[in-house]
Amino acid sequence: MVSRDPVQIDVYIPFMPCACQPGKADRKATAFNERLLDLKEHFKGQVAFSLYALNLHFQRFKATPAIAAILQDKGKDGLPVICIEGAPVFVAAYPDKAALETAVKAALQGAGPTQPPSIQ
């Protein structure tokens, strides 16, 4: 069996409250975080994820061409963006569990990323 690096999931969100000034939690973001933790448990050792918030990681948003383009085109309305293996797969919405699992399985099988859903 050939071992591969974990599938990298990068999540770009508009805002994360600072620990020194807790803010109102985004229910959708909190629910998505639970899905990520479930996904990590389901695909033990096969997925890794990073979370970037616009208010805390602005340079990362600017330095990532696909994310910078989404922000320039849609502004904050283009967020969240979920990238799998560096490609935006979900734009302007958090995917449900089934869609996220399908995207990860495709990445594990070496299939290219799916096209991001249209932003309405």
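The values are calculated or read from the model by the stated rules, or taken from the named source; none is laboratory data. Here the structure is a predicted model, which is why all the values come from computation and not from measurement. Cβ atoms come from the backbone with ideal geometry, glycine included; neighbour counts cover every protein chain shown.
Is it the case that R4 is exposed (fewer than 12 other Cβ atoms within 10 Å of the Cβ), charged (D, E, K, R) and in contact (Cβ under 8 Å) with a residue 40 or more places away in the chain?
It is true that R4 is exposed (fewer than 12 other Cβ atoms within 10 Å of the Cβ), charged (D, E, K, R) and in contact (Cβ under 8 Å) with a residue 40 or more places away in the chain.
When you look at G78, is it on the phi > 0 side of the Ramachandran plot and either of a type outside the set (A, V, I, L, M) or under 14 Å from the mean Cα position of the chain (by Cα) (or both), yes or no?
no
Just to verify a result, which residue in region 1-34, among those that are touching an Asp or Glu at 6+ places or on another chain (Cβ under 8 Å) and at pLDDT 90 or above, is nearest to L71 (Cα to Cα)?
Per the criteria, the residue is I13.
For region 75-88, check the following and say yes or no: at least one residue is without any contact (Cβ under 8 Å) to a residue 40 or more places away in the chain, in contact with a helix residue (DSSP H, G or I) (Cβ under 6 Å, 6 or more places away or on another chain) and closer than 18 Å to I13 by Cβ.
Checking region 75-88: at least one residue is without any contact (Cβ under 8 Å) to a residue 40 or more places away in the chain, in contact with a helix residue (DSSP H, G or I) (Cβ under 6 Å, 6 or more places away or on another chain) and closer than 18 Å to I13 by Cβ.
Among (1) modelled with pLDDT of 95 or more; (2) outside any loop (DSSP other than H, G, I, E, B), there is one condition K40 misses while meeting the rest; what is its number?
Status for K40: all satisfied but (1).
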